[in-house]
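Asker: Would you mind keeping the following structure in view while I ask a few things?
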Amino acid sequence: MDSPTPMVAGDVKRHRLSTRIWHWANALLLYILFTSGLGIFNAHPRLYWGQYGANLDHAWLTLERIPGWITLPGHYSLALSRHWHLAAAPLFAFALLAYMVWSLVNRHIARDLAFRRGELAPRHIWQDIRNHARLRFPTGQAALRYNVLQKASYIGVIFVMLPLVILTGLTMSPGMNAAWPWVLDLFGGRQSARSIHFIAAFALVVFFLVHILMVLLAGPLNEVRSMITGRYRVPEARP
Amino acid sequence: MILTRRTLLLGATATLAGCDRLARNESFREALFSAENFHKWAQRGLMAPDALAREFRPDQISPVFRANGTANPNTPAYKALWRNGFADWRLQVTGLVARELSVSLSQLRTLPHREQITRHDCVEGWSAIGKWRGVPLKTILDGAGLRSSARYIVLRCADDMGGGRPYYESIDLADAFHPQTILAFALNDAPLSVANGAPLRLRVERQLGYKQAKYLMGIEAVDSLAAIGKGKGGFWEDHAGYDWYAGI
């Protein structure tokens, strides 16, 4: 978001170009990563904790084959799923890194994402939860800022979930284990990292579903337009 | 705007079908497959040439070391070797070397060896930790005297993958001379079982399981992989589209 213009109603410039590009690149790349990841998972649909884990070891989760309508490719091909996954992963990781650096430089983080004084007060957070539960979305000037729950989820995704999914992915690589042995200690072993990678992927799916729900409730045309062109129509204040 | 589950499903399926079509396009396929080059370049850049794979404590060894791929080559030639306790088995060292070698199992056992408790990572996703004992590949290559034109080491195996095509794999010299790259003849203090690659298998610890060629019959130094199999450097690389560089 650019700094709010004094104008309250009408169109404002809401999302920067860097945010818009990154948003749509992520939409595509995460879609490829999730579906090809499920294809890879089908090669061994069991999850373990610790350094090792194979068929005769205790699995904390065993799933049936994930159906073809949600895997990439649609038929079982470990080689092709891996090609998709390993081609998309570095693009996704470096895009995140670039976005983080750029958002620090252009003060997107400081201006729009960092919590402001008073926002973390329990009373304020509770009020925000109540507003969400009653589907009372901010209007006028307040609609130009992220609310505290929005900030918390964006910070959680950008600085926790996405780095986590990348690092646990790298921990599964025997080459990266030699290059960065500390990742094994960070996650407690390759099989633990594989489990966390899987859990983080599904946590991102939950974020995606809530995100889509919020867009639908807040006015999908205006929201989607603002993420494509950057222009956002400020909702008029409730009478 | 009403998005039903059905519409979402149709949308997801249509997008995935689009991806599948894209993956059949030759130049897109090439671009997709070239990610391997990036990973090899990035990993080799990030790791020191002698960076070691993690070695584990004895209490971290898997209770059962899962065997995968061929469980028994079962060819008449292999069965004859096995019946005789591999006394007639020889490792043929050929190709771009100063001296071709033919090494017996008992000769290998007298050479200085290395012991390592490492993790075996299958491309499918599972891992098993085992204790390997074997002769560093470097010892054999130094003994044979690698010529300066050699770029890759090809591993020739005894198991028939169908239609009389034996398994093969290859590694480059960066991995061939790595201290943990050994020709292993023992797993968990016992001679290698048939399921795990008797009498000898490769351990190349910074890569995935399909590079760890079992039932070794020969190693060959070459300057290019073009004439090996279909040119991709390994059986699964040639027949299933796996990456040659299996560091990830």
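Asker: Residues of the stretch B:233-248 being more than 11 Å from every other protein chain (Cβ to nearest Cβ) and free of Cβ contacts under 8 Å to residues at least 60 places away in the same chain, which ones?
Answerer: Across the stretch B:233-248, the qualifying residue is only B:ASP238.
Asker: Now for a separate question. Inspect all residues belonging to the stretch A:128-151 and state whether any of them is touching a Phe, Trp or Tyr at 6+ places or on another chain (Cβ under 9 Å) and among the hydroxyl-bearing types (Ser, Thr, Tyr).
Answerer: Within the stretch A:128-151, one or more residues are touching a Phe, Trp or Tyr at 6+ places or on another chain (Cβ under 9 Å) and among the hydroxyl-bearing types (Ser, Thr, Tyr).
Asker: Could you list, in sequence order, the residues of the stretch B:226-241 that are crowded, with 23+ Cβ neighbours inside 10 Å and part of a loop (DSSP other than H, G, I, E, B)?
Answerer: B:GLY233, B:GLY234
Asker: More than 7 Å from every other protein chain (Cβ to nearest Cβ) and touching a residue at least 60 places away in the same chain (Cβ under 8 Å), is that true of B:TRP41?
Answerer: So B:TRP41 does not fit the description; no.
Asker: Could I ask something else about it? Could you check the stretch A:38-61 and list, in sequence order, the residues that are assigned to a helix (DSSP H, G or I) and at the interface with another protein chain (Cβ under 9 Å from one of its Cβ atoms)?
Answerer: A:ILE40, A:PHE41
Asker: Consider the stretch A:62-103. How many of its residues are of a type in the set (Lys, Arg) and over 27 Å from A:VAL157 (Cβ atoms)?
Answerer: Residues that pass the stated criteria total 1.
Asker: If you don't mind, another one. Mind checking which residues of the stretch B:209-225 are within 14 Å of another protein chain (Cβ to nearest Cβ) and crowded, with 23+ Cβ neighbours inside 10 Å?
Answerer: Hits for the stretch B:209-225 are B:LYS211, B:GLN212.
Asker: Counting just the residues of the stretch A:200-231 that are of a type in the set (D, E, K, R) and assigned to a helix (DSSP H, G or I), which one comes out nearest to A:TYR154 (Cα to Cα)?
Answerer: Among them, the one singled out is A:GLU223.
Asker: Could you tell me whether any residue of the stretch A:62-69 is β-branched (Val, Ile, Thr), assigned to a helix (DSSP H, G or I) and within 28 Å of A:ILE199 (Cβ to Cβ)?
Answerer: no
Asker: Then there is this: Scan the stretch A:39-80 residue by residue and report those that are in contact with an Asp or Glu (Cβ under 6 Å, 6 or more places away or on another chain) and farther than 30 Å from A:PRO181 by Cα.
Answerer: A:PRO73, A:GLY74
Asker: Going by the structure shown, is A:VAL210 over 30 Å from A:ASP11 (Cα atoms), in contact (Cβ under 8 Å) with a residue 24 or more places away in the chain and out of contact with any helix residue (DSSP H, G or I) (no Cβ under 6 Å at 6 or more places or on another chain)?
Answerer: When the stated conditions are applied, A:VAL210 does not pass them.
Asker: Of everything in the stretch B:74-109, what is hydroxyl-bearing (Ser, Thr, Tyr), under 13 Å from B:ILE219 (Cα atoms) and surrounded by 12 or more Cβ atoms within 10 Å (Cβ to Cβ)? Give them in sequence order.
Answerer: Listed by number, the list holds a single entry, B:THR94.
Asker: Okay, next question. Is at least one residue of the stretch A:37-59 within 30 Å of B:ALA14 (Cβ to Cβ), hydrophobic (A, V, I, L, M, F, W, C) and over 24 Å from the mean Cα position of the chain (by Cα)?
Answerer: yes
Asker: Only residues that are of a type outside the set (Phe, Trp, Tyr) and outside any helix (DSSP H, G or I): list them for the stretch A:75-101, please.
Answerer: Answer for the stretch A:75-101, where residues must be of a type outside the set (Phe, Trp, Tyr) and outside any helix (DSSP H, G or I): A:HIS75, A:SER77.
Asker: Name, by its number, the condition in (1) more than 8 Å from chain A (Cβ to nearest Cβ); (2) surrounded by 13 or more Cβ atoms within 10 Å (Cβ to Cβ); (3) more than 21 Å from B:ARG203 (Cα to Cα) that does not hold for B:ARG114.
Answerer: Failed condition: (3).
Asker: From the residues in the stretch A:133-192 that are more than 20 Å from A:THR19 (Cα to Cα) and basic (Lys, Arg), which one is nearest to the other protein chains (Cβ to nearest Cβ)?
Answerer: A:ARG190
Asker: Where the second residue is of a type in the set (Val, Ile, Thr) and the first is more than 20 Å from A:ASN177 (Cβ to Cβ) and lies in the stretch B:168-181, which pairs have Cβ atoms under 7 Å and are six or more apart or on separate chains?
Answerer: Sorted first by the residue in the stretch B:168-181, then by its partner, the pairs are B:TYR168/B:VAL154; B:TYR168/B:ILE228; B:SER170/B:ILE153; B:SER170/B:VAL154; B:SER170/B:ILE228.
Read the figures in this text as sums done on the coordinates, not as results from a lab. Predicted model, so just to flag it, every value in this text is computed and none were measured. Heads up, the Cβs are rebuilt from the backbone with ideal geometry, glycines too, and the neighbour counts pull from every protein chain shown.
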